1. Charges only on Cβ, +1 for Lys and Arg, -1 for Asp and Glu: so what's the dipole of the chain about the Cα centre, in debye to the nearest 20?
2. In nm, to one decimal, how far is the D537 label point from the E66 one, both placed 7 Å along Cα→Cβ?
3. Find the all-direction average of the projected area of the Cα convex hull for segment 57-96, expressing the result in square nanometres with one decimal place.
4. Kindly give the semi-axes, whole Å and largest first, of the ellipsoid equivalent to segment 193-266, taking each as the square root of 5 times a Cα gyration tensor eigenvalue.
5. Select from F285, H644, T489 the residue farthest towards the positive end of the dipole of the chain; place +1 on Cβ of Lys and Arg, -1 on Cβ of Asp and Glu, and compute about the Cα centre.
6. Restricting things to alpha carbons, tell me how big segment 7-78 is in terms of Rg and Dmax, in Å.
7. Restrict the search to segment 76-125; then list the GluC sites (Glu not before Pro) that DSSP places in a loop and that have at most 15 other Cβ atoms within 10 Å of their Cβ.
8. Please give the contour-minus-distance gain from D263 to L17: 0.36 nm per residue of separation, less the Cα-Cα distance, rounded to one decimal in nm.
Amino acid sequence: MVLKNEDGYELWLRYHLVDDAELLAVYRQQIREIVFPGDSPTLRVARGELQCGLEGLLGHEVMLSESVTEDGAIVCGTPESSAKILEQKLVDLDTVGDEGYVISQQVVDWHQTIIIAANSDKGVLYGVFAFLRLLQTQQSLDGLHIVSAPKVKLRMLNHWDNLDGTIERGFAGHSLWDWHKLPHYIDPRYTDYARACASIGLNATVLTNVNANALILTEPYLHKVAALADVLRPYGLQVYLTARFSAPMEIGGLSTADPLDADVAAWWKAKVDQIYSILPDFGGFVVKANSEGQPGPHDYGRIHADGANMLADALEPHGGICIWRAFVYDADVQEDRAKQANSQLVPQDGTFKANALLQVKNGPIDFQPREPYHPLFGAMPKTPLMLEVQITQEYLGNATHLVYLAPMFKETLDADTYVKGPGSTVAKVVDGSLDGHDISGMAAVTNIGDDRNWCGHPFAAANWYAYGRLTWDYTLSSEQIADEWLRMTFSNDEDFVDTIIQMMIDSRESVVKYMMPLGLHHIFAEGHHYGPGPWVDGIRPDWTAVYYHQADAEGVGFDRTASGTDAVSLYNPPYRDQLANVDTCPENLLLWFHHVSWDHVLKSGRTLWDEMCLMYQEGVNEVRQMQQTWETLEGKIDAARYMHVKKLLVVQEREARWWRDACLTYFQAFHGKPLPEGVEPAEHDLDYYENIVHYYVPGIPERRFDKIGTHS
Ligand code: BDP
């Protein structure tokens with residue numbers, strides 16, 4: 001059978017006919033009518049989704065019924081919206097809070113019934129999506145009893161979208177938000193975006209770039225925001241905006257943005273009041289301040305908490321929150337960038353208002369292929385800390401490389417801070433359970449654009465999916481999430497699923513190997529970060545590569561032990577001791593924490609140089625393996641998506657070689673040691689790699705090139 005070509009628009013919400021005939025017959029017996037009273041906007045969209053999903057999956061319309069008339073009813077609602085749910089007195093509902101759900105097989109009015117129940121309309125919507133997922137992944141419905149609630153309260157996407165339609169670090173086209181046509185024209189795609197988010201439990205979205213534009217806070221734009229929020233609201237998505245700290249000067253006519261200035265505070269109060277008058281369920285602000293040139297309280301000799309608290313004060317009467325980013329580092333400060341956030345923020349623990357949170361990147365530098373967990377986790381027990389990850393692959397091959405990020409997200413979530421003894425994981429800091437915070441959250445920089453398939457690479461949507469699923473339940477395994485996503489996105493064919501899960505899981509380690517193995521970090525080309533740039537120098541030191549790898553004739557790596565910057569002391573024992581000792585430091589973080597001789601012998605018995613070379617080669621080999629694996633799947637999925645991935649894997653293999661050759665040629669020049677056996681020699685000399693130029697790489701505003709032929 002020739003499979004119909006697909007373009008990826010449907011994401012994982014493909015409600016195609018269940019292709020297992022036996023199972024389809026069983027489902028048709030088990031699902032015969034829908035009893036779904038209630039008329040709120042959220043219940044309406046939940047009902048519509050259920051009907052549409054079932055129609056596609058079962059191949060016929062399932063009728064709505066006022067009551068349970070036969071075996072095979074699906075009864076949906078809350079105790080308020082549905083008398084039947086109320087009657088059932090489901091004890092499990094007491095445990096799922098205001099967003100969780102219960103899906104359970106029950107006898108209702110003497111008939112075998114499946115109940116999808118929740119305490120809120122939103123919970124019902126999540127339950128409906130979870131139920132459809134069971135069918136999409138061809139699970140048995142016999143004896144069904146699922147009780148599920150999210151582990152984290154704020155489950156956010158951060159769009160780094162600019163008002164001109166470009167996306168900072170976006171590799172899948174332009175922004176979805178058509179500010180020019182809003183509020184009058186509402187793109188139907190907004191609804192599909194909201195459906196996709198709700199289907200994985202996301203409940204908040206920040207529409208604008210952290211490098212903020214104050215214009216978004218002006219009245220005409222606020223009406224545009226409100227129109228978008230109207231579409232997203234029924235799906236449980238609350239809208240947030242980024243606030244530019246200097247907005248009182250830029251759009252308010254004030255001469256200062258000093259957070260302790262009474263006029264400034266009054267301006268923000270009035271601005272926030274105006275926002276809520278236009279958008280009554282506005283979520284709040286996300287703020288990047290005094291970081292990478294953004295304005296902030298330091299400009300006035302104030303501290304971060306002063307800035308955050310001023311905004312939190314303005315938001316508080318409306319129930320809004322202020323999310324302050326902990327990605328703060330200063331070009332004028334000599335201190336190791338891996339320490340700066342701790343130095344600035346730890347002393348302020350306990351001074352933030354109750355409706356202020358700190359948003360902390362997974363690692364202390366910047367979304368690198370591998371980082372140790374950020375040492376702020378565990379270091380600020382009095383402040384709710386959100387985890388920020390990056391779904392868009394700024395540092396992971398953009399939208400051309402197949403890299404499945406769930407293992408990377410989980411690496412951080414599962415990391416043990418040891419702050420209250422073993423088991424004090426980052427996840428427990430983030431969900432608030434370790435320090436008893438009510439408010440908790442996760443945020444991710446999205447990879448969504450207006451590409452037809454949303455995220456560019458057909459596999460990039462897996463990372464949006466995985467992130468959402470992990471915000472709901474970070475205990476899910478990367479394998480399980482990949483399994484669901486593959487079945488829903490491509491096929492339930494067991495061979496296909498088993499083969500590709502493994503390929504996805506391995507892909508994260510492969511990219512680390514061919515980009516920056518053994519704890520190397522920040523050796524990207526300057527500015528656009530597309531490709532290798534270990535030679536980058538001559539700009540502010542903490543933006544160069546040479547600052548981070550510290551290579552010389554003797555060795556390589558950043559000494560963050562006591563003999564160096566001592567960033568290692570920000571971690572707690574026993575992890576700290578393990579990291580501090582060159583012999584016990586996990587080798588995948590070795591050069592993050594140690595400056596090591598090229599001849600240092602590793603666990604494998606090989607020298608550092610040989611090991612590094614072999615890792616780069618292994619990375620390339622693994623991409624070639626991915627290509628071979630993928631080619632065995634021809635005919636198992638539709639030709640269009642098959643070919644799309646196949647062609648991108650060709651690019652990925654070429655770029656993996658580029659990384660290997662550029663980096664090894666560069667490092668080799670320090671000591672002249674030969675490549676060990678098994679490592680393919682570079683095609684070109686160092687000069688060639690250093691002079692590769694890329695113009696107009698997506699994800700950064702247009703750049704000027706003053707000298708054609710030199711890197712930007
Ligand atoms: C860096 C990006 C930059 C962002 C910054 C941030 O290169 O474009 O503005 O993160 O998180 O990784 O603020």
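1. The dipole magnitude comes to about 740 debye.
2. The modelled label-to-label distance comes out at 8.3 nm.
3. Mean orientational projected area (segment 57-96, Cα hull): 4.0 nm².
4. Over the Cα atoms of segment 193-266, the ellipsoid semi-axes are 30, 12, 10 Å.
5. F285
6. Expressed in Å, the Cα Rg and Dmax of segment 7-78 come to 13.1, 40.
7. E80
8. Residue separation times 0.36 nm, minus the Cα-Cα distance, leaves 82.4 nm.
Each reported figure results from applying straightforward, stated rules to the coordinates on display, with no laboratory input. This structure is a prediction, so every number in the text was calculated from the model and none was measured. Quick reminder, even Gly has a Cβ in these numbers, built from the backbone with ideal geometry, and neighbours come from all protein chains shown.
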